Every structure is written in C-alpha cells, then in structure tokens.
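**Q** Quick one: this structure, given as structure tokens, is what I'll be asking you about.
The values are calculated or read from the model by the stated rules, or taken from the named source; none is laboratory data. The model shown is predicted, which means the values in this text are computed figures rather than measured ones. Here the Cβ positions follow ideal geometry from the backbone for every residue, glycine too, while neighbour counts run over all protein chains shown.
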C-alpha cells in the first residue's frame with residue numbers, strides 16, 4: 001500500500017513546476033510577510049517539538065566519510081531558522097524511527113509510552129484505521145503565514161499544491177479527509193530500474209517501454225546465461241529488498257500492472273463518472289465486489305497475479321529473497337536493479353561500481369500482456385509526479401502534550417513547505433526529489449530524465465489490500481499460491497475473505513456511511 005498514487009489531472013512535470021501558484025486560485029487577501037510575528041506558541045514557554053520527516057531528517061554527520069558517505073543538512077538549517085522566529089521552540093529529530101524496520105510497531109510503542117512524535121511520516125493514510133492522525137482539512141484552508149502578501153498562491157495553504165495530490169493515499173483517507181501534507185515528490189516515477197549500460201549494449205538490448213518488453217529482455221539474458229560459465233552469468237533483475245519475497249503489494253502490482261488492469265474495468269469503479277479513482281471509490285469498489293477473485297472479475301484477478309507468479313518463479317534468481325545483490329551489481333553482473341528514485345544519491349557516490357548506469361521508468365502492462373489489461377499512451381515529460389514524502393500530525397501526541405503542540409506542528413509544516421525551503425532540500429538532494437508545491441526548482445541532474453518519454457499512467461490502481469493487517473494475510477495466501485501449495489480456488493478464497501475483512505475494518509474505523517452501497521462479498525455463491 002505504500003507509495004501508491006492516484007491522479008486528478010493531466011499534469012506534466014514541466015507544467016507542474018513552471019507556473020507559480022499565483023495562477024492557481026482566485027485572488028484573496030494574503031498574509032503580510034511578517035504575519036508569523038503575531039503568533040505566540042505556548043505562551044512563550046519552552047516547547048520541544050519531536051519531528052520525524054523520514055528521509056529529510058538531517059544526517060548526524062556533517063562531512064562525508066566511508067561509513068557515512070551521504071550528508072544531508074539543509075533541514076537542520078530550516079529548523080534553526082524556525083527556532084529563531086519562535087525562540088521558545090526546540091526541534092528534536094526522531095532518529096530512533098530510522099533505525100527500525102517495522103514502523104507500525106515503532107509507532108505503537110511510542111504512543112503507548114507517551115513519546116510519539118508530533119510530526120511523523122507514516123505513508124499518508126496507510127494506517128488510517130488506527131486513528132493516529134489529526135485531520136488537516138480545516139488547517140489547510142488557512143493561509144500559510146510564511147508566504148508574503150501577493151506572492152504564490154491564494155489565501156489557502158492547500159492551494160500551494162497541485163490538486164491531484166489531494167486524491168493520493170499519501171495525503172487522504174477513504175473517507176475523503178486529508179491526513180498528511182505533501183512536501184516532496186519523486187521526479188516522474190516513484191520507482192525505476194537502474195540498468196547496466198554495458199550489458200545492454202553487449203547483448204543488444206533496448207530500454208523497455210512495456211511489461212512484455214521487460215519480460216523479453218529477461219528472457220534474452222537467461223538465454224545468454226545458457227552459453228557462458230556460471231561465474232559469468234548475469235542476474236536479469238535484482239528485486240528491491242521488500243519485493244524480494246512475493247506479496248500482493250509488490251511494486252509490479254502498484255506501478256506496472258495495477259493501473260492498466262484497473263483501467264480495463266473503469267466502468268465498474270468510476271461511480272462519479274469523472275475517470276479518476278478516488279480513495280472512497282476504491283473502498284466502495286472493494287466492498288461491492290469489483291476486485292474479488294471469486295466474483296465476476298475472477299479471470300482479471302488471476303491474470304494480474306499470474307504475471308507476478310511468473311516473475312517470482314521464472315525471472316528472479318532462486319534464493320533472491322536471501323541475496324544481497326549490491327556486490328553483484330558493483331561487479332557488473334546485474335542487468336537491472338529494481339529500486340526507488342531515492343537510490344540516485346547513493347549510486348552517484350558509489351565508488352565500487354566501475355560501469356556506467358542508466359535509469360528507465362517502470363514499464364506498464366498493456367493488451368499485449370492480457371486481454372484484461374487496457375492500453376495506454378506515451379508522452380514527453382514526467383506525468384503527475386507521485387508523492388514520496390508527506391507528513392502527518394500525530395493525534396495522540398498533540399492530545400497528550402497539549403494544544404500548543406498542534407499549533408507548533410502546523411506552523412513547522414507551513415514553514416517546511418515554503419518554496420524557498422523546499423528548494424534548499426531539493427538542491428541538496430541533487431535530483432532524488434522535486435518539490436510538492438508550485439514554484440520550486442527542477443534539479444539539473446534529472447532534467448534530461450524528467451523531460452524524456454513517460455507512460456501516461458491511468459488515473460487508477462488495483463487494490464493491494466485495505467488495511468495493513470489484512471494485506472499481510474492476503475500476502476501469505478499469495479505466497480502459498482506462488483509455490484503451488486494453494487490451488488487457484490483456495491488462493492482466491494483466502495484473498496477475498498481478507499480483502500472483505502479489511503474493507504469492513506476500514507469502514508468501521510472511519511465511520512463511513514455505506515448507504516447505497518451493496519456488500520458484494522459472497523454474491524457469486
């Protein structure tokens with residue numbers, strides 16, 4: 001469920017960041033340049049704000065070293081400037097979160113010990129069934145007090161951002177409430193394939209545009225491997241660590257298969273008829289049986305997940321889940337490395353790699369893959385850049401610590417999202433990210449990439465589960481099926497019952513009124 005996005009407008013990268021927000025909304029009176037001077041946090045008494053901004057937390061090292069080659073310090077300077085404006089406020093960084101793998105368990109522990117961060121990154125609405133977040137709808141209607149009058153945007157903080165971002169599950173929940181503020185986007189695609197240009201040239205391979213072309217490249221590499229000694233064999237694809245084990249939420253579903261498989265059945269989930277999948281439409285479609293494997297779309301579900309099954313059984317190396325592919329990549333024995341765009345910074349300082357690498361955007365499936373898959377178009381320029389960093393205000397933290405923490409959290413996020421401050425972070429990230437607000441810069445390091453050809457990804461996606469806990473159960477059933485320990489029928493039964501349970505849990509947690517909805521679970525029986 002992480003790193004998914006849904007679009008609400010056809011916005012190319014160039015258009016998104018070329019225009020200042022002044023053109024986005026109706027003109028209203030804006031705050032003056034020193035509007036924040038009228039604000040007193042906590043009656044001037046000391047207040048410590050505990051902040052987790054994920055990959056934007058400043059590094060503890062200020063100079064690169066062999067052990068810590070990455071230095072990122074711009075957010076420390078941004079925080080220092082904030083504390084100069086509000087001298088009774090101290091910013092502390094939640095470094096402990098960066099050292100754990102299970103964020104949900106970490107967050108549960110922090111809340112139970114009254115030590116939850118005031119600001120936290122938890123992938124937008126992914127844990128919205130747990131009631132961890134302050135709803136930000138009304139706050140985002142306020143002005144950003146750090147934007148001078150007459151500059152960038154309207155009176156509403158929300159209008160500093162492109163509208164499509166507010167339909168993403170990185171900002172909004174299935175009840176239509178905003179629970180996170182976007183700060184950074186991926187430069188065109190959330191994930192990508194880093195590829196060895198020398199291998200591609202030697203084997204006469206072309207960068208793939210579609211899922212079938214991607215599979216074809218893997219087949220050619222495997223054919224080559226049959227002609228050389230074992231020590232010279234090339235790994236076609238090294239999976240990202242969390243995709244190394246088969247699960248229903250792998251990136252292939254999120255980015256390569258899900259959008260076009262969902263687009264094929266658009267008429268079944270597009271309740272408002274506007275062509276864009278919203279979070280509430282997706283939840284309703286799950287509830288009503290659109291995505292159930294034992295229902296009318298059984299063949300669609302099987303066709304989609306058979307593509308993933310094929311990859312794990314026929315493309316990935318045996319033992320991929322327990323393999324560290326970095327040494328093989330550096331030795332030039334991996335053709336394609338599946339990773340996020342966040343890899344850019346580390347790869348550019350990778351002294352072990354001796355070959356030139358390239359990047360291509362994740363290829364999409366089309367009708368050449370399956371009759372249950374829609375076709376799509378290509379265009380120049382990155383399209384609707386997906387959100388990579390959005391931040392929640394923790395409900396339990398501000399309730400336990402007091403109203404002043406809510407005010408301080410809101411103001412710090414406003415400060416963080418001014419174009420000047422986002423540009424500082426974008427510049428230091430050197431092409432890993434772009435800003436989520438209008439009027440931010442395009443880093444020179446990625447300008448050619450984002451101006452290249454990109455698929456116009458459909459404005460929808462396939463469900464990969466509704467809650468984290470039910471998604472995990474669906475994934476366990478999927479793993480049995482991939483190993484042929486489950487029949488199709490047994491896999492789909494377990495898939496459906498957990499998908500339905502997740503929908504019921506989310507509906508109850510968010511208090512969603514299902515009047516007019518029809519529970520489709522079991523309707524096929």
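**Q** List the number of the failed condition for residue 16; all other conditions in (1) more than 22 Å from the chain's Cα centre (by Cα); (2) within 16 Å of residue 423 (Cα to Cα); (3) at pLDDT below 75; (4) buried (at least 16 other Cβ atoms within 10 Å of the Cβ) hold.
**A** (1) is the only condition that residue 16 fails.
**Q** Just to be sure I understand, how many residues within the range 223-268 are touching a residue at least 12 places away in the same chain (Cβ under 8 Å) and closer than 24 Å to residue 102 by Cβ?
**A** Here the count works out to 16.
**Q** Which one of 400, 471 is within 25 Å of residue 251 (Cβ to Cβ) and surrounded by fewer than 24 Cβ atoms within 10 Å (Cβ to Cβ)?
**A** 471
**Q** OK, next. Out of 274, 225, I need the residue that is surrounded by fewer than 19 Cβ atoms within 10 Å (Cβ to Cβ), within 29 Å of residue 198 (Cα to Cα) and out of contact with any strand residue (DSSP E or B) (no Cβ under 7 Å at 6 or more places or on another chain). Which one?
**A** 225
**Q** Sticking with this structure for a sec: Any chance you could count how many residues in the range 200-214 are surrounded by fewer than 20 Cβ atoms within 10 Å (Cβ to Cβ) and either at positive phi or part of a helix (DSSP H, G or I) (or both)?
**A** Number of matching residues: 6.
**Q** Residue 125: over 20 Å from residue 423 (Cα atoms) and part of a loop (DSSP other than H, G, I, E, B), yes or no? Spell out how you get there, then give the answer.
**A** Details: over 20 Å from residue 423 (Cα atoms): yes; part of a loop (DSSP other than H, G, I, E, B): yes.
For residue 125, the condition - over 20 Å from residue 423 (Cα atoms) and part of a loop (DSSP other than H, G, I, E, B) - is met.
**Q** Here is a follow-up. On the basis of being touching a residue at least 12 places away in the same chain (Cβ under 8 Å), buried (at least 20 other Cβ atoms within 10 Å of the Cβ) and more than 17 Å from the chain's Cα centre (by Cα), does residue 195 make the cut?
**A** In short, yes.
**Q** Taking strands (runs of 3 or more DSSP E) that fall entirely within the range 360-466, which contain at least 2 residues that are in contact (Cβ under 8 Å) with a residue 60 or more places away in the chain and under 18 Å from residue 168 (Cα atoms)?
**A** Filter on the range 360-466 gives 387-393.
**Q** Something else: Evaluate the following for residue 137: is it at pLDDT 90 or above and part of a loop (DSSP other than H, G, I, E, B)?
**A** Judged against the criteria, residue 137 is a match.
**Q** Name the residue, out of 184, 165, 170, that is in contact with a strand residue (DSSP E or B) (Cβ under 7 Å, 6 or more places away or on another chain), under 27 Å from residue 463 (Cα atoms), in a helix (DSSP H, G or I) and in contact (Cβ under 8 Å) with a residue 24 or more places away in the chain.
**A** 165
**Q** Would you mention how many residues in the range 47-69 are closer than 30 Å to residue 410 by Cβ and touching a residue at least 60 places away in the same chain (Cβ under 8 Å)?
**A** Number of matching residues: 9.
**Q** Give all pairs with beta carbons closer than 6 Å in which a residue from the range 468-488 that is in contact (Cβ under 8 Å) with a residue 60 or more places away in the chain meets a residue that is in a helix (DSSP H, G or I); count only pairs at least 6 apart in sequence or on separate chains.
**A** Cβ pairs passing all conditions: 474/495; 474/498; 481/491; 482/309; 482/312.
**Q** I want to confirm something. Restricting to the range 61-78 and keeping residues that are over 22 Å from the mean Cα position of the chain (by Cα) and under 25 Å from residue 397 (Cα atoms), which single residue is surrounded by the most Cβ atoms within 10 Å (Cβ to Cβ)?
**A** So the residue we want is 78.
**Q** Take residue 466 and tell me if it is closer than 19 Å to residue 249 by Cα, at pLDDT below 95 and not assigned by TED's automatic domain parsing to the domain that holds residue 125. Don't jump to the end; show me each part of the working.
**A** On the way: closer than 19 Å to residue 249 by Cα: yes; at pLDDT below 95: yes; not assigned by TED's automatic domain parsing to the domain that holds residue 125: yes.
So residue 466 fits the description; yes.
**Q** Shifting gears a bit: Out of the residues in the range 92-109 that are part of a helix (DSSP H, G or I) and more than 19 Å from residue 125 (Cβ to Cβ), state the one that is modelled with the lowest pLDDT.
**A** Taking the candidates together, the pick is 98.
**Q** I'm trying to understand the selection: among the residues of the range 481-491, which are assigned to a helix (DSSP H, G or I) and out of contact with any helix residue (DSSP H, G or I) (no Cβ under 7 Å at 6 or more places or on another chain)? Steps first, please.
**A** First, pick out the residues of the range 481-491 that are assigned to a helix (DSSP H, G or I): 481-482, 488-491.
Matches in the range 481-491: 489, 490.
**Q** Does residue 441 satisfy the condition of being buried (at least 23 other Cβ atoms within 10 Å of the Cβ) and in contact with a strand residue (DSSP E or B) (Cβ under 8 Å, 6 or more places away or on another chain)?
**A** Judged against the criteria, residue 441 is not a match.
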